[in-house]
1. Return one number: the angle in degrees, 0 to 90 and rounded to the nearest 10, between the long axis of the Cα atoms of helix 2-39 and the longest principal axis of the Cα atoms of the chain.
2. Does the chain classify as rounded, prolate or oblate by the C-alpha gyration tensor (a ≥ b ≥ c root eigenvalues; a/c under 1.5 gives rounded; else a/b over b/c gives prolate, otherwise oblate)?
């Protein structure tokens with residue numbers, strides 16, 4: 001039971017990290033397109 005919880009938790013952590021990474025990329029892209037619009 002304990003091992004199962006541990007595995008589940010590490011999976012959640014990994015998914016969260018992956019989501020955070022893709023979210024950061026989205027934010028960076030959005031910001032850079034904002035900057036590009038300002039520069040035009």
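Laboratory data are not the source of any read-out in this text; all were calculated from the coordinates shown. Remember, it's a predicted structure, so these values are computed and weren't measured experimentally.
1. The helix 2-39 is inclined about 0 degrees to the chain.
2. Numbers: a/c = 10.54, a/b = 9.86, b/c = 1.07.
Prolate, since a/c reaches 1.5 and a/b exceeds b/c.
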